[in-house]
Amino acid sequence: MGREVVRQEYSEDPRKCSHLWDPDIIYDVLKNDKGTDAIRSIRVDLSSFRKLKLSPHVFAKMTNLRYLDFHGKYDLELLPQGLQSFPNDLRYLHWMHYPLKSFPEKFSAKNLVMCLSD
């Protein structure tokens, strides 16, 4: 019920929503670099996406992102150009099958409380 209230409240511009969980909205935000500083959490099963390539700056405008949960099996080349950074205030990072060998050089993990990846 709470999710439906939030969805109706931000139906005109879902990027203003602080918590993203709808795969269609997340796909649009990530694919088209529509992230904003209003976004505090993203949780999505990446297996729901057929094609998605992220910009190296995909998280640049999400300065208040604290919770990032990318889970599920996927066969995507998500970051063909790498990743410039995660928001430095990120507290929780769960990215199953993280596609890179390391975190971005500009990312400071000092605020991470939990980090999980496979």
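The values are calculated or read from the model by the stated rules, or taken from the named source; none is laboratory data. It should be emphasised that the depicted structure is a prediction, and the values quoted were computed from it without experimental measurement. Quick reminder, even Gly has a Cβ in these numbers, built from the backbone with ideal geometry, and neighbours come from all protein chains shown. Side chains included, ligands, DNA and RNA excluded: accessible areas come from the protein's heavy atoms. Shrake-Rupley method; radii C 1.70, N 1.55, O 1.52, S 1.80 Å.
Numbers at a glance
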{"item": "Options LEU65, LEU54; residue that is in contact with a Phe, Trp or Tyr (Cβ under 8 Å, 6 or more places away or on another chain) and assigned to a loop (DSSP other than H, G, I, E, B)", "result": "LEU65"}
{"item": "Verdict on ASP118 being modelled with pLDDT under 90 and out of contact with any helix residue (DSSP H, G or I) (no Cβ under 9 Å at 6 or more places or on another chain)", "result": "yes"}
{"item": "Cross-chain or 6+ apart pairs with Cβ under 7 Å, the stretch 70-84 first and of a type in the set (A, V, I, L, M), then part of a loop (DSSP other than H, G, I, E, B) and open to solvent by less than 30 Å² (accessible area, probe 1.4 Å)", "result": "LEU76/PHE49; LEU76/LEU52; LEU78/LEU52; LEU78/LEU54; LEU79/LEU54; LEU83/PRO56; LEU83/PRO104"}
{"item": "Any hit, the stretch 27-36, residues being part of a loop (DSSP other than H, G, I, E, B) and modelled with pLDDT of 95 or more", "result": "no"}
{"item": "Residue check, LEU68 of a type outside the set (S, T, N, Q) and open to solvent by less than 10 Å² (accessible area, probe 1.4 Å)", "result": "yes"}
{"item": "Selection within the stretch 71-92 - part of a strand (DSSP E or B) and at pLDDT below 95", "result": "HIS71"}
{"item": "Of residues in the stretch 1-26 being at pLDDT below 80 and in a loop (DSSP other than H, G, I, E, B), the one farthest from the chain's Cα centre (by Cα)", "result": "MET1"}
{"item": "Some residue of the stretch 78-91 being open to solvent by 30 Å² or more (accessible area, probe 1.4 Å), within 15 Å of LEU20 (Cα to Cα), in contact with a strand residue (DSSP E or B) (Cβ under 8 Å, 6 or more places away or on another chain) and basic (Lys, Arg)", "result": "no"}
